[in-house]
Amino acid sequence: MGVGIKVQKLNAWYGKSQALHDITMEAPANHATALIGPSGCGKSTFVRCLNRMHETVPEARADGKVMVGDLSVYNGTTAVQIRRRIGMVFQKPNPFPTMSIYDNVAAGLKLNGFRDQRRLDEIVERSLTHAALWDEVKDTARKKSGASLSGGQQQRLCIARALAVEPEVLLMDEPCSALDPISTGKIEELIFQLKEKYTIVIVTHNMQQASRVAEFTGFFLLGRLIEFDKTEKIFTTPSDKRTEDYITGRFG
Amino acid sequence: MRTRFQQGLDELRARLLRMGGLAEQAVDRACQAYIDRDLARCHAVLEGESQINVIEREIDELAFDLLALQQPIAVDLRFILAVTKINSDLERVGDQAVNIVERVIDMVELPKVDLPVDIPRMAAAVSAMVRRSLESFIEGKAELAQAVLEMDNVVDRMRDEAFISLVKVMNDNPAVTRQALDALLVARNLERVADHTTNIAEDVIFWVRGADVRHNANPEFPAPQEISETK
């Protein structure tokens, strides 16, 4: 089952430049939460703070309270522990190019010392099934490399890889921006199914995508969370003029 | 702002205003035709209806295109939905004007009789509602739309009074039943026009404020009687 995410007064910096200002919001368990906003508004920085990827950038730092279920992300927990519970999918599909489809999915588990082959087979099949890719690759998963798949399949492979370590939260940073409409449709359908087991936070520039897949939407601007509400409220009657100006294309 | 989209919205707005102008003109002409027993005005209303029907289709097509091609959201989506509904109401207003002149054409063939019903007063009230509902759309002001909603009760009362007095005329003097029935139907047509203007006003409030006030549905935006009770 997914767990909820609670963020309180999260601030983040790149060197002296503050990228996030006092972000407070909750992403409810087993729902999809979309983050929208113009480029450079801080939405990607925000999701990278949730799994402590932000701190991998030189001179980047963050403070505030982030709870993923009962786990405090910035207090007494290692980044590795966090990332076991929070999977991430990026804008561009990034399978390990020299590995087979099977090994791509099994990589995280093997790195953690998992050696039970029979159990590994089960998890790989289950992960690929949850990522809606199993039927397309079940006969070739051990032979073909991840890089031989189409862009949409590669992205679903990356989702399967993230799911294999059984996270509770899945972060998706513009997961469909490099995909055609058919592959995008499959990923969006997948997001809907994944909500049953995981909590999803998705960054997207595509308004229609946010409105199609997410129950909640947050609008970021200049490092601040301007508005957070149910998706239908944001896209029909947003409360803040800046939100309305952005989503209707009157921004700037 | 997306220029082509804004041009589309401007075009939609301009066509609806044209539609509103024609519907308003049709009601005014029909009312004047009743008052003056003027067949020329009746024919003008009948001829004008086809133009209203043409613009109704044009507006729907344009709105359909904008929805399909631009995927509007928030205030733009509310605007387009409101325009399509107002469009239907204005077309129905035009139909009611036609219904009125059909009664006038019938009446003109009959001997003129004095009836205890003040159709000119009712027509003036309904014309004002049509005008103000269109003003609320032009100005994008929910307050003006709210004022239209508050006028509806007055017209309803006039219709009820007309019904009571005209039924009495029919009972007391069956010889003028046809004229009384024509007047009664005109009163009903006018009341229906008023109902359409309240729909238009509700759609303007939906567009401007995002509040659905139909059937007293939205407690955040109280219906007229609730406002007057709290005054």
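The values are calculated or read from the model by the stated rules, or taken from the named source; none is laboratory data. All values derive from a computational prediction rather than experimental measurement. Cβ: placed from backbone, ideal geometry, glycine included. Neighbour counts: every protein chain shown.
Observations on the structure shown:
- For B:P120, the criteria (1) within 16 Å of the chain's Cα centre (by Cα); (2) under 29 Å from B:D160 (Cα atoms); (3) not aliphatic (A, V, I, L, M) hold in every case but one, which is (1).
- Checked across segment A:171-185, the condition of being over 30 Å from B:A68 (Cβ atoms) and not charged (D, E, K, R) holds for at least one residue.
- Under the condition of being over 22 Å from A:H130 (Cα atoms) and among the small types (G, A, S), the residues counted in segment A:1-26 number 4.
- Among the candidates A:T129, A:T24, the residue that is in contact (Cβ under 8 Å) with a residue 60 or more places away in the chain, under 29 Å from A:S211 (Cβ atoms) and not aliphatic (A, V, I, L, M) is uniquely A:T24.
- Which listed residue, of B:N153, B:N199, B:N189, B:N173, is polar (S, T, N, Q), at negative phi and surrounded by 22 or more Cβ atoms within 10 Å (Cβ to Cβ): B:N189
- Set B:E135, B:E61: member being away from every other protein chain (no Cβ under 14 Å), within 15 Å of the chain's Cα centre (by Cα) and at pLDDT 95 or above: B:E135
- Residue within segment B:1-11 that is surrounded by fewer than 15 Cβ atoms within 10 Å (Cβ to Cβ), within 14 Å of another protein chain (Cβ to nearest Cβ) and of a type in the set (A, V, I, L, M, F, W, C) present: yes
- In segment A:126-143, the residue that is surrounded by the fewest Cβ atoms within 10 Å (Cβ to Cβ) out of those that are more than 20 Å from A:C176 (Cα to Cα) and in contact with a helix residue (DSSP H, G or I) (Cβ under 6 Å, 6 or more places away or on another chain) is A:R142.
- From A:G37, A:G64, residue being without any contact (Cβ under 8 Å) to a residue 60 or more places away in the chain, touching a Leu at 6+ places or on another chain (Cβ under 6 Å) and surrounded by 15 or more Cβ atoms within 10 Å (Cβ to Cβ): A:G64
- Wholly enclosed helices (runs of 4 or more DSSP H) of segment A:196-252 bearing at least 1 residues in contact with a Ser or Thr (Cβ under 9 Å, 6 or more places away or on another chain), more than 14 Å from chain B (Cβ to nearest Cβ) and closer than 16 Å to A:P28 by Cα: A:207-213
- Considering segment B:75-100, the residues that are within 14 Å of chain A (Cβ to nearest Cβ) and touching a residue at least 12 places away in the same chain (Cβ under 8 Å) include one that is nearest to B:R41 (Cα to Cα), namely B:A82.
- Cβ-Cβ under 6 Å pairs, at least 6 apart or on other chains, segment A:78-104 side within 15 Å of A:V47 (Cβ to Cβ), far side part of a loop (DSSP other than H, G, I, E, B) and of a type in the set (G, A, S): A:Q91/A:S177
- Test: residue in segment A:24-44 that is more than 15 Å from A:R224 (Cα to Cα), in contact with a strand residue (DSSP E or B) (Cβ under 8 Å, 6 or more places away or on another chain) and of a type in the set (D, E, K, R): no
- Condition check for A:K9: of a type in the set (K, R) and under 14 Å from A:E227 (Cα atoms): no
- Filter result for A:E188 (within 18 Å of A:F90 (Cα to Cα), away from chain B (no Cβ under 14 Å) and in a helix (DSSP H, G or I)): yes
- Unique residue being surrounded by fewer than 24 Cβ atoms within 10 Å (Cβ to Cβ), in the same structural domain as A:T98 (by TED's automatic domain parsing), in contact with a Lys or Arg (Cβ under 7 Å, 6 or more places away or on another chain) and more than 26 Å from A:E26 (Cα to Cα) when the list is A:G152, A:G113: A:G152
- Counting only helices (runs of 4 or more DSSP H) that sit wholly inside segment A:52-139, not one has at least 3 residues that are more than 17 Å from A:V165 (Cα to Cα) and within 22 Å of the chain's Cα centre (by Cα).
- Of all residues in segment B:32-52 being closer than 30 Å to B:Q7 by Cβ and touching a helix residue (DSSP H, G or I) at 6+ places or on another chain (Cβ under 7 Å), the one that is surrounded by the fewest Cβ atoms within 10 Å (Cβ to Cβ): B:Q51
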